[in-house]
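Take a look at the structure below.
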Amino acid sequence: MLGWALTFLVVALIAAALGFGGIAGASAGIAKILFVIFLILFVVAMVARAVRGKPPV
């Protein structure tokens with residue numbers, strides 16, 4: 001999922017450099033949403049791992 005967020009970030013940067021404001025804004029918004037979802041899933045995975053008794057890596 002982090003890969004998708006980075007992909008949309010790159011698309012947003014390229015679109016912004018070429019002057020496509022709408023596409024850049026949409027891609028940046030999608031990248032932000034995917035990054036937040038990635039962070040939430042990462043924290044949930046770390047908590048689940050700690051609850052099972054395995055120390056975080």
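Bear in mind that the values in this text are calculations on the coordinates, not laboratory data. All values reported here derive from a predicted model rather than from experimental measurement.
Quick notes
- Helical contribution to [θ] at 222 nm, DSSP H n ≥ 4, -39,500 (n - 2.57), averaged over the chain, rounded to 500: -29500 deg cm²/dmol
- Phi angles of the stretch 10-24 translate, via the Karplus equation with coefficients 6.51, -1.76, 1.60 and θ = phi - 60°, into HN-Hα couplings of 5, 4, 5, 5, 5, 5, 5, 5, 8, x, 8, x, x, 5, 5 Hz per residue; Gly and Pro are given as x.
- For the chain, the direction-averaged projected area of the alpha-carbon convex hull comes to 4.0 nm².
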